[in-house]
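Please read the structure below before turning to the comments.
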Amino acid sequence: MLPPPGRLVHEVAIVADGSGIMGADKKERPMEVQVVPSFAEMSRRGAAMIGAAIAERPDLVLALPTGATPIALYRELVAAYAQGQANFSRTQTFNLDEYCGLGPDHPASYHTYMRENLWDHVNLPPEQAHIPNGAAADPERECERYEQAVAAAGYPDLAVLGIGHNGHVGFNEPGAALRSTVHVADLSAETRSLAFHAWRDLSPCLFPQLAAFPTHAITMGMGTILKSRRILLLASGAGKAQAVCRAVNGDVTTRLPASFLQLHPRVTLLVDTAAAALL
Ligand code: GLP
């Protein structure tokens with residue numbers, strides 16, 4: 001039977017594998033969904049997948065996210081390195097995004113986040129750790145430079161992604177259109193407000209009011225991300241359940257950028273039970 005017009009049918013089958021972990025029914029070649037009991041287990045499993053990919057291919061090109069979701073995953077990778085179980089010496093990493101106007105040393109920059117959570121604790125050579133320069137004098141040129149750098153590396157072998165409450169990926173925000181390549185994105189009011197309040201709880205003086213929080217970011221576009229050979233999408237907590245459900249089961253729409261992942265043949269969705277509640 002033909003799908004109704006404008007609706008891309010994408011079947012997702014979830015089956016138990018006996019260990020409490022859910023996986024996809026491979027017969028249907030759907031998005032693979034792994035549901036794990038907790039944030040800790042999501043982090044362990046995600047780190048193990050990345051570690052296995054690097055072990056298999058030491059010169060792996062990774063795209064990496066920031067935010068709260070991958071924090072413990074990075075801790076797991078750092079622990080694996082400390083125990084001699086992971087070697088980043090030939091790996092290249094490309095961060096998905098960076099806030100415009102925040103220099104590498106700004107406490108809220110994703111540079112700082114990456115240094116604190118991963119780069120300073122593993123043997124990834126600094127010249128192989130890439131991230132857009134949010135303080136570039138010419139952001140448009142910086143976007144071109146970053147897209148070219150990702151392209152020159154052959155695009156990511158594995159893109160690790162988080163998802164925003166509104167279904168954003170990187171800083172590809174919901175809207176009437178999506179941009180394909182690295183670009184300067186307008187941050188949505190919701191995204192800015194959530195990040196501003198999170199920072200206000202941590203460090204009240206950093207952004208005295210919402211108006212002081214960045215309004216734009218440099219982000220990989222959905223096209224850049226979809227050129228990755230494999231994608232691992234992480235989500236944790238009830239607050240992500242709706243976005244996850246729409247990303248997996250909903251229409252492919254620019255109103256929910258993560259839904260574009262349905263167009264990719266090799267996506268693994270790794271979620272805890274709270275984030276999977278509506279699947
Ligand atoms: C941020 C980042 C995304 C991230 C998402 C979710 O603003 N730009 O790359 O995946 O929002 O963040 P969190 O994991 O904190 O919920």
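Around F94, under 13 Å between beta carbons, what's the net of Lys plus Arg minus Asp minus Glu among the other residues? Mind showing how you got there, number by number?
Numbers: positive: R145, K227; negative: D97, E98, E127, E147, D157.
Combined, the nearby Lys, Arg, Asp and Glu give -3.
Quantify how much of the Cα-Cα distance distribution of region 157-279 extends past 23 Å, in percent.
I get 33 percent for the Cα pairs in region 157-279 exceeding 23 Å.
To the nearest 20 debye, what charge dipole does the chain have about its Cα centre, counting +1 at the Cβ of each Lys and Arg and -1 at the Cβ of each Asp and Glu?
540 debye
Identify the residues of region 217-234 with backbone N under 16 Å of a label point that sits 7 angstrom from the Cα of S203 along the Cα-to-Cβ direction, or state none.
No residue qualifies, since no backbone N sits under 16 Å from the label point.
For n ≥ 4 DSSP H runs only, could you compute -39500 (n - 2.57) per run for the chain, divide by its residues and tell me the 222 nm figure to the nearest 500? Don't skip to the end; give the middle numbers.
Working: 7 runs with 80 residues, N = 279.
Taken over the chain, the calculation gives -9000 deg cm²/dmol.
Kindly point out which whole DSSP H helices in the chain project their C-alpha atoms 18 angstrom or further along the helix axis while averaging a Kyte-Doolittle hydropathy of -0.5 or above.
Answer set is 39-56, 189-202.
What number comes out for the charge environment of E76, summing +1 per Lys or Arg and -1 per Asp or Glu over other residues with Cβ under 12 Å away?
+2
Averaged per residue, what accessible surface does region 165-263 expose to a 1.4 Å probe, in Å²?
Heavy-atom SASA per residue in region 165-263 reads 42 Å².
How far, in nm, would the chain grow between N249 and A152 when pulled straight, counting 0.36 nm per residue and subtracting the alpha carbon separation?
31.5 nm
The values are calculated or read from the model by the stated rules, or taken from the named source; none is laboratory data. Computed from a prediction, not measured in an experiment: that's the story for all the values here. Note that we place each Cβ from the backbone using ideal geometry, even for glycine, and neighbour counts take in every protein chain shown. Calculation scope for accessible area: heavy atoms of the full protein, side chains included, ligands and nucleic acids excluded. Shrake-Rupley method; radii C 1.70, N 1.55, O 1.52, S 1.80 Å.
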